[in-house]
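Right, one structure below, let's go through it.
The values are calculated or read from the model by the stated rules, or taken from the named source; none is laboratory data. Values in this document were obtained by computation on a predicted structure and should not be read as measured data. Because the Cβ atoms are built from the backbone with ideal geometry, glycine has one as well, and the counts that use them run over all protein chains shown. The protein model used for the area step is the full one, side chains on, heavy atoms only, and it has no ligands, DNA or RNA in it. Shrake-Rupley method; radii C 1.70, N 1.55, O 1.52, S 1.80 Å.
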Amino acid sequence: MRRWARRGGRCEAARRAAPAMLLPGVRSAARRLGRDLPLACRGCSRGAGGKGLVLGIYSSEKDGAAALLTSAGDAFDRLVSGRLRELVSICGPPLKKGKTRIFHGLHQDFPSVVVVGLGKKNAGVNDQENWNEGKENIRAAVAVGCRQIQDLEIPCVEVDPCGDAQAAAEGAVLGLHEYSELKRKKKPVVTPQLHGSAENEAWQKGVLYAQGQNLARYLMEAPANYITPIKFAEHIEQKLRSFSNVKVHIRPESWIATQQMGAFLSVAKGSAEPPIFLEIHYSGGANTSERPLVLVGKGVTFDSGGISLKPSSGMDAMRADMGGAAAVCSAIVTAAALNLPLNIIGLAPLCENMPSGKANKPGDVVRAKNGKTIQVDNTDAEGRLLLADALCYAHSFNARAIVNAATLTGAMDVALGSAAAGVFTNSSWLWNHLYEASIVTGDRVWRMPLFEHYTKQVTDCPLADLSNIGKYSRAGGACTAAAFLKEFVTASHWAHLDIAGVMSNKDEVPYLRKGMAGRPTRTLVEFAARLSQDSHNTT
């Protein structure tokens with residue numbers, strides 16, 4: 001419960017924010033302007049009817065120049081007779097990118113106003129960083145501002161579109177998300193809204209993009225005993241139930257066996273949880289017979305490593321080893337919500353990788369759906385076994401393109417860290433679409449090699465057609481894993497996204513809280529949107 005100070009004072013929530021608004025000399029400077037600095041947190045409590053407001057401000061192009069408020073900031077400043085600009089100017093040095101100041105009591109409808117730095121006004125695509133810097137600045141700034149409103153326990157916040165309402169919406173919705181399903185003490189729920197109505201369509205699009213990524217974050221963050229293979233499938237089915245042009249098939253173990261998916265079943269048999277093969281058909285194209293985009297996601301809902309057991313330290317994070325399936329399925333949910341005009345099929349082999357008397361043993365040989373035999377030299381290289389069978393099945397749909405996503409190798413994390421997902425592809429056309437999509441979303445991708453050099457390392461196997469690890473063990477581990485998957489692909493447009501490095505967020509992405517990241521869901525959605533506009537070109 002919040003306690004109130006003397007009449008006209010601040011609530012405890014406002015007191016916590018005090019360092020951001022009580023700078024030395026501010027009150028006396030405000031008095032010299034002929035008015036007292038507004039500090040009372042009127043309307044701060046729930047039910048008081050007030051909203052928070054987040055406004056952007058650009059870095060000055062010249063030293064000593066006046067603050068460059070956004071269009072929305074200028075309009076609000078006029079509404080309060082210039083008080084906002086005056087207060088910003090006397091509260092210390094110009095706001096740097098991502099830094100904030102909070103003002104209370106400027107307007108009765110907005111008891112708390114957060115002004116946040118957006119960086120340079122004309123920031124655009126940064127060729128060195130491979131993203132749109134302006135969009136990233138907006139996402140990060142809006143996220144910071146909305147979190148400060150949340151700390152003040154104000155249930156609703158209006159957000160300045162900052163010149164790009166979609167990016168602003170993404171920053172707000174992504175920045176406020178936190179998995180707290182199983183906690184008794186939760187952060188206050190804050191509903192972000194667009195300030196003004198001129199860019200409502202772009203705002204709503206951004207909300208849907210962000211909600212899609214948040215769905216993937218939710219699935220990845222939830223404990224493995226809450227998100228089992230069947231519960232994962234049922235959760236996605238529930239999300240898609242309202243769309244008449246979507247069909248969801250939850251395939252049981254008996255169906256998997258009839259499809260001769262021996263590689264997938266060899267992993268699943270070590271767990272008491274039965275495997276599921278989730279199949280989603282989204283028919284958004286003008287013609288249901290149009291060739292679909294097929295998305296395939298690795299769905300290991302918990303990965304202990306099997307007999308090749310992982311170290312116990314950090315093993316709990318392997319509840320998110322179904323991040324590929326989470327991203328793929330969430331992207332389809334978002335595509336359906338956006339009503340994208342293309343056909344998409346989603347495939348997610350779901351199981352656990354556990355040690356038991358029935359589990360794969362190092363040296364075992366299993367047979368994949370296409371008849372190729374695989375020597376399982378390391379049971380912790382299990383994701384590629386699931387994907388091998390799923391990729392074979394993907395070819396039955398005459399796909400326009402096949403894209404798979406998987407938290408596949410620790411080697412990918414070593415190579416790129418959390419900066420970008422690694423992309424291995426046999427198609428420059430497909431790569432260009434993925435790359436261009438990632439520049440827009442800020443969730444970057446980086447092309448990796450599919451050399452024959454790596455293929456030889458998995459085909460040189462003593463007992464079977466393939467080994468599930470490269471013969472030089474750790475050398476080029478992400479590349480040999482991709483080379484292994486390539487042995488199950490005949491399509492001319494295929495891409496493998498190794499997303500192990502982007503699975504979680506510590507503090508690298510400022511608009512995501514610490515935890516599972518749900519990446520690269522928005523890039524997959526943007527990629528699908530671009531593909532829908534390029535319906536006649538696949539060469």
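At 1.4 Å probe radius, can you tell me the per residue accessible area of region 133-230 in Å²?
Computed with neighbouring chains in place, this is 38 Å² per residue.
Arrange the residues 397, 232 by how much accessible surface each exposes, largest first, with a 1.4 angstrom probe.
397, 232
Obtain the nm distance between the two label points defined at residue 432 and residue 414 by a simple spin-label model: each point lies 7 Å from its Cα along the Cα-to-C-beta direction.
3.5 nm
Specify the angular offset, from 0 to 90 degrees and rounded to the nearest 10, of the alpha carbon long axis of helix 165-176 from the longest principal axis of the alpha carbons in the chain.
On a 0 to 90 degree scale, this one is about 80.
Based on the Cβ-Cβ distance from residue 130 to residue 373, what FRET efficiency comes out when R0 is 25 Å, to the nearest 0.05? Don't skip to the answer; put the middle values down first.
Numbers: r = 40 Å, r/R0 = 1.60.
Efficiency, from the Cβ-Cβ distance: 0.05.
Taking amide hydrogens as modeled 1.01 Å from N in the peptide plane, which residues meet the under 5 Å criterion relative to residue 119, leaving out close sequence neighbours?
Placed amide hydrogens put 59, 97, 98 under 5 Å from residue 119.
Whole number in Å², please: accessible area per residue of region 409-458, 1.4 Å probe, ligands, DNA and RNA not counted.
Ligands and nucleic acids excluded, the figure is 39 Å² per residue.
Compute the Cα gyration tensor for region 419-530, then decide on rounded, prolate or oblate, letting a ≥ b ≥ c be the square roots of its eigenvalues: rounded whenever a/c is under 1.5, prolate when a/b is larger than b/c in the other cases, and oblate in all that remain.
Oblate is the answer for region 419-530, as a/c is 1.5 or above yet b/c matches or exceeds a/b.
Out of the DSSP beta bridges found with both residues in the chain, what percent are antiparallel (nearest 5)? Write out the running numbers ahead of the final one.
Details: 35 of 72 bridges.
Antiparallel: roughly 50 percent of the beta bridges in the chain.
Taking only pairs that are 8 or more places apart or on different chains, how many Lys pairs in region 131-238 have Cα atoms under 29 angstrom apart?
The result is 9.
Between 0 and 90 degrees, rounded to the nearest ten: what's the tilt of helix 383-394 against the longest Cα principal axis of the chain?
80 degrees
As a test question: what accessible area, to the nearest 10 Å², does residue 289 have when a 1.4 Å probe is rolled over all protein chains in place?
Roll a 1.4 Å probe over it and residue 289 shows about 90 Å².
Place a point 7 Å from the Cα of residue 291 along the Cα-to-Cβ direction; which residues of region 492-506 have their backbone N under 20 Å from it?
492-497
Lys pairs in region 368-510, Cα-Cα under 22 Å, at least 8 apart or on separate chains: how many?
Lysine pairs meeting both conditions in region 368-510 amount to 8.
What figure, in Å² to the nearest 10, do you get for the accessible area of residue 493 with a 1.4 Å probe and non-protein molecules left out?
Estimated to the nearest 10 Å², residue 493 gives 30 Å².
Put 494, 429 in order of accessible area, largest first, 1.4 Å probe: what do you get?
429, 494
For residue 193, which sequence-distant residues (separation of 5 or more, or a different chain) have an amide H within less than 5 Å of its own amide H, given hydrogens modelled in the peptide plane?
157, 158, 159
Report, to the nearest whole %, how much of the accessible area of the chain belongs to carbon and sulfur atoms, 1.4 Å probe, protein only.
Exposed carbon and sulfur together represent 49 percent of the surface.
Cα to Cα, under 14 Å, and not fewer than 8 places away if on the same chain: which aspartates and glutamates meet these conditions relative to residue 121?
61, 133, 136, 164
Using 0.36 nm times the number of residues separating residue 198 and residue 241, minus their current alpha carbon distance, what extension gain do you get? Mind dumping the intermediate values first?
Details: separation 43, 0.36 × 43 = 15.48 nm, distance 3.18 nm.
Contour length minus the Cα-Cα distance gives 12.3 nm.
Subtracting the Cα-Cα distance from 0.36 nm times the residue separation, let me have the gained length for residue 156 to residue 272 in nm, one decimal. Please list the in-between numbers first.
Details: separation 116, 0.36 × 116 = 41.76 nm, distance 4.49 nm.
Taking residue 156 through residue 272 to full extension adds about 37.3 nm, to one decimal.
So how much slack lies between residue 183 and residue 451, counting 0.36 nm per residue of separation and subtracting their Cα-Cα distance, in nm?
91.7 nm
May I ask for the angle, rounded to the nearest 10°, between helix 477-486 and the longest principal axis of the chain, with both axes built from Cα atoms and the value confined to 0 to 90°?
The helix 477-486 is inclined about 60 degrees to the chain.
For region 303-347, what does the accessible surface come to per residue with a 1.4 Å probe? Please give it in Å².
In whole numbers, region 303-347 has 27 Å² accessible per residue.
Quick one: if you stick a label point 7 Å off each Cα along the C-beta vector at residue 356 and residue 260, how many nm between them?
2.7 nm
Kindly sort 356, 197 by accessible area of their heavy atoms, largest first, with the probe set to 1.4 Å. Spell out each step's value before the answer.
Numbers: 356 50, 197 100 Å².
Result, largest first: 197, 356.
Over the chain, what is the mean sequence separation of C-alpha contacts under 8 Å (at least six apart), divided by residue count, expressed as relative contact order in percent?
In percent, rounded to a whole number, it is 13.
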